[in-house]
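Worksheet: the structure to be examined is printed underneath.
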Amino acid sequence: MLSIHAISRSFNGQRALHDVSFEVHDGLMTGFVGANGAGKTTAMRIILGVLAADSGEVHVDGRPITADNRAQFGYMPEERGLYPKMKVHEQLVYLARLHGMTAAAAGRRADALLEQLGLGERRHDTLESLSLGNQQRAQIAAALVHEPTALVLDEPFSGLDPMAVETTLEVLRDVARSGAPVLFSSHQLDVVERLCDSLIILAHGEVRAAGTREQIRAAHTRPEWVLETDDAGFVRGIGGVEVIEFDGGHVRFTAASDDAADRVLREAIERGSVRSFAPSIRPLNEIFQEVVR
């Protein structure tokens, strides 16, 4: 498990991170979300040792992180860092061998990853000859080729089309299933919401929310229901109910108690057609907008 304890960092007197703490658990996908300038990249670089923290510590399995730990991590920076004129398979093998793999093992691992990521037919092409999306997939393969013990990815889905996103997600799920902690940042909140086991929301260098999707929703959501019927206007007249969204036969509302919600359903049934009645799941994007203000 990766643990970040009270990390702070400033640049030229400007605070980038302030007392940031969170955990990335083994075998889980953790999404790191925040607006541009929130401090995500700075935090990731401190985890990897690219930057030093002004204060605070990074731990692995309860012990201070070491250079040996970091050597076994996989890291994908937001800025592409591979060699443009080198063939894709050749440089994956090269990077794997830098991590101590034999040439044969590195070749097998590179072949498997490129097939998984849909680049098998382009393995002998130079990086610069690939589309931007395929270059991004090659960059992900480079972070994975040495079978890392932990994975830190900065905007791994940038530039990927929907099919490539799905392919990449499955590869990352495999890494998590192997037991490695996986931390990645993304602006694509729909992908984060669908994929991640837990989330960290950062704003202005501070953690504003952290936990599983369910924990974050519970902490930032009042119980809500959605009713679909012929005419939902009657809901406005029921005590203990506050209408949030109304459009003819559609209404989303909060209720002061389960009894108030039950009264809505009973009256809707008495009035006629009830097409649906269910708890409302608050979108992550809505919670994100609220907590980063």
Seminar exercise, completed: In the set Ala38, Ala6, the lone residue that is over 14 Å from Leu183 (Cβ atoms), buried (at least 22 other Cβ atoms within 10 Å of the Cβ) and in the same structural domain as Glu206 (by TED's automatic domain parsing) is Ala38
Problem set entry | Residue in the stretch 9-31 that is surrounded by the fewest Cβ atoms within 10 Å (Cβ to Cβ), counting only those that are hydrophobic (A, V, I, L, M, F, W, C) and farther than 15 Å from Arg208 by Cα | Phe11
Problem set entry | Considering residues of the stretch 179-196 that are out of contact with any strand residue (DSSP E or B) (no Cβ under 7 Å at 6 or more places or on another chain) and more than 21 Å from Leu17 (Cα to Cα) only, the residue surrounded by the fewest Cβ atoms within 10 Å (Cβ to Cβ) | Gly179
Seminar exercise, completed: Given (1) of a type outside the set (Asp, Glu); (2) under 20 Å from Gly39 (Cα atoms); (3) in the same structural domain as Leu28 (by TED's automatic domain parsing); (4) not in a loop (DSSP other than H, G, I, E, B), Arg194 misses just (2)
For this session: Assess whether Val251 counts as being assigned to a strand (DSSP E or B), touching a helix residue (DSSP H, G or I) at 6+ places or on another chain (Cβ under 9 Å) and either at negative phi or surrounded by 14 or more Cβ atoms within 10 Å (Cβ to Cβ) (or both).
Result: yes
Exercise. Could you list, in sequence order, the residues of the stretch 1-25 that are among the hydrophobic types (A, V, I, L, M, F, W, C) and within 22 Å of the chain's Cα centre (by Cα)?
Worked result: Met1, Leu2, Ile4, Ala6, Ile7, Ala16, Leu17, Val20, Phe22, Val24
Problem set entry | Extreme residue, nearest to the chain's Cα centre (by Cα), among residues of the stretch 197-232 that are in a strand (DSSP E or B), in the same structural domain as Asp247 (by TED's automatic domain parsing) and crowded, with 17+ Cβ neighbours inside 10 Å | Glu224
Exercise. Taking helices (runs of 4 or more DSSP H) that fall entirely within the stretch 59-163, which contain at least 1 residues that are in contact with a His (Cβ under 9 Å, 6 or more places away or on another chain) and either in contact (Cβ under 8 Å) with a residue 60 or more places away in the chain or surrounded by fewer than 17 Cβ atoms within 10 Å (Cβ to Cβ) (or both)?
Worked result: 67-71, 88-98, 103-116
For this session: Considering every residue within the stretch 169-178, establish whether at least one is surrounded by 15 or more Cβ atoms within 10 Å (Cβ to Cβ), touching a residue at least 12 places away in the same chain (Cβ under 8 Å) and more than 25 Å from Thr149 (Cβ to Cβ).
Result: no
For this session: Taking the residues in the stretch 250-293 that are polar (S, T, N, Q) and free of Cβ contacts under 8 Å to residues at least 60 places away in the same chain as candidates, determine which candidate is nearest to Glu214 (Cα to Cα).
Result: Ser280
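The values are calculated or read from the model by the stated rules, or taken from the named source; none is laboratory data. Not measured: the values here are computed from a predicted model. Cβ atoms come from the backbone with ideal geometry, glycine included; neighbour counts cover every protein chain shown.
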